[in-house]
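As structure tokens, the structure follows; a few thoughts come after it.
The values are calculated or read from the model by the stated rules, or taken from the named source; none is laboratory data. The shown structure was predicted, so the numbers you read here are calculated from the model rather than taken from an experiment. Positions of Cβ are generated from backbone atoms using ideal geometry, with glycine treated the same way; all protein chains shown enter the neighbour counts. For the accessible areas, the whole protein counts, side chains as well, though only heavy atoms, and no ligand, DNA or RNA atoms are used. Shrake-Rupley method; radii C 1.70, N 1.55, O 1.52, S 1.80 Å.
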Amino acid sequence: MPDYPEFHIVVGSSRCGTTFLSRMLRESMDIALQGEPKFVVPIYRRLHRFGSLAKPANLRRLIETIHKRQFFIFLSERLGISIRPEEIIERVQEPTYTGVLYAVFQLVADKRKYSRLGYTDPIDSYHLPLLARLLPTARFIHIIRDGRDVALSLQKFLWGPTNLYSGARYWARVVSTARKDGANLGNRYFELRVEDLTSHTHKTAAEL
């Protein structure tokens, strides 16, 4: 297997502090934690449509499909970072989906001038076992906020649960799933509470 670099994934329920934590980690630990790529798992579920990635044409088609996702539009329009499919292809160390993922996020990290790579996405709280296989050097940081605060905060958004009960159930489902799956990942999984991060910043940051 190629010598892939360490990878960091921040997960947690929506409105729990993933954006806040990612900003801290970018500034203090030089990690290019790009927000919510939204393609890692969905594209994997359609991977069979591309055939063998050992064939250059199939590999290119996969990368061009990924390149059309909103993730790259955001990089271009909001951050002024232009990435061409050819640049990704040049970074692929092995013709696998794993190879493509590392190529994408290493390129993003380099373009943003960070030495370490990763991303944050609340929805991937449900997919830790799969991500652990796809990204063999990944470490997962699960940030947890008081469920009552999360349920209240979600009421402010049209895309969120429509009542406190639904918000609490959503929070409980995300937290319990990530905790259960994280328990099987050993030291690849780290859990912290946003309240500890804000009240005992130095202690919590040292543990992280």
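Of note:
- Alpha-carbon Rg/Rh ratio, for the chain, with Rh computed the Kirkwood way: 0.98
- Sites listed here are trypsin sites (Lys or Arg not before Pro) in segment 86-130 whose DSSP assignment is loop and whose Cβ has at most 16 other Cβ atoms within 10 Å: 112, 113.
- Estimated FRET transfer efficiency when R0 is 30 angstrom, pair residue 64-residue 156 (beta carbons, to 0.05): 0.20
- Residue 52 accessible area, assembled protein chains, probe 1.4 Å, Å²: 60 Å²
- Solvent-accessible area per residue in segment 9-73 equals 49 Å², computed with a 1.4 angstrom probe and all protein chains kept.
- Contour excess over end-to-end distance, with Cα ends at residue 29 and residue 47 and 0.36 nm allotted per residue: 3.2 nm
- Chymotrypsin sites (Phe, Trp or Tyr not before Pro) within segment 149-200: DSSP coil, no more than 11 neighbouring Cβ in 10 Å: 157, 159
- Nearest 10 degrees, 0 to 90: helix 164-182 Cα axis against the chain principal axis: 60 degrees
- With Cα atoms, 0 to 90° folded angle of helix 18-29 axis to the chain main axis: 70 degrees
- Cα gyration tensor shape of segment 149-207, rounded if a/c is under 1.5, else prolate or oblate by comparing a/b with b/c: oblate
- Accessible area in square angstrom per residue, segment 77-208, 1.4 angstrom probe: 53 Å²
- In this structure, residue 57 and residue 179 have a Cβ-Cβ separation that, at R0 = 45 Å, corresponds to a calculated FRET efficiency of about 0.60.
- Carbon/sulfur fraction of accessible area - segment 20-111, other protein chains in place, 1.4 Å, %: 49 percent
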